[in-house]
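The structure appears below as structure tokens.
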Amino acid sequence: MAGADAPYLRKWRKRNPGKAAAYCLAWRKRNPRKVVTYSRAYKVKHRAESVVLINAWRIRNPLKHAAHRSVAAALRNGKLIKQPCQICGSLIVQAHHEDYAKPLKVVWLCKPHHVKADARKRMEVK
Ligand SMILES: [Zn+2]
């Protein structure tokens, strides 16, 4: 999005957050290749900050980090094998933990269903 950071546009986005989000989403749908190019450039430009954020998250969430590492190791050594999403059957899946204290007890879910499962889990905890 050329010029998207112009001051007048920044002000407009702040005043119209709903319209700005809808416009952004529509633009991303029209320009998938540009989205990939920008995402890659952003990732390279912000790698150092990203490493800091990831390490801070790992320090704040040692149990979750250990569970993620256990799943990655189990996938490497064949102890765990990815299964289709339990809800929709998608083959692009993530390991969902109901209990991080049981790192290899996972439910395979696609990203949208994983997000919903985590949201439901957070509601139950509170
Ligand atoms: Zn799914």
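Values quoted throughout were computed directly from the atomic coordinates according to the rules given, and no laboratory measurement underlies them. Since this is a predicted model, take the numbers as computed values, not measurements. For neighbour counting, all protein chains shown are included, and Cβ atoms are generated from backbone atoms with ideal geometry for every residue, glycine included.
One chain, two ends: T37 and K11. Fully extended at 0.36 nm per residue, the span grows by 6.8 nm beyond their Cα-Cα distance. On the principal axes of its alpha carbon atoms, region 48-125 extends 35, 34, 26 Å, with the longest extent given first.
Among the listed pairs K82/K116; K29/K111; K82/K111; K19/K43; K79/K105, those whose Cα-Cα separation exceeds 23 Å are K19/K43.
Positive-end ranking of V44, P17, A6 along the dipole of region 1-115, with charges on Cβ about the Cα centre, is headed by A6.
Add -39500 (n - 2.57) for each DSSP H run of 4 or more in the chain, then divide by its residues: what number comes out at 222 nm, to the nearest 500 deg cm²/dmol?
Numbers: 6 runs with 82 residues, N = 126.
One gets -21000 deg cm²/dmol as the mean residue ellipticity at 222 nm.
A crude spin-label estimate for the pair Y23 and S50, with each label 7 Å from Cα along the Cβ direction, gives 2.7 nm.
Compared with the alpha-carbon gap, the fully stretched path from H65 to R122 is longer by 18.8 nm at 0.36 nm per residue. Candidates V125, P112, N55 compared by Cα position along the dipole of region 48-125: farthest toward the positive end lies N55, with charges placed on Cβ.
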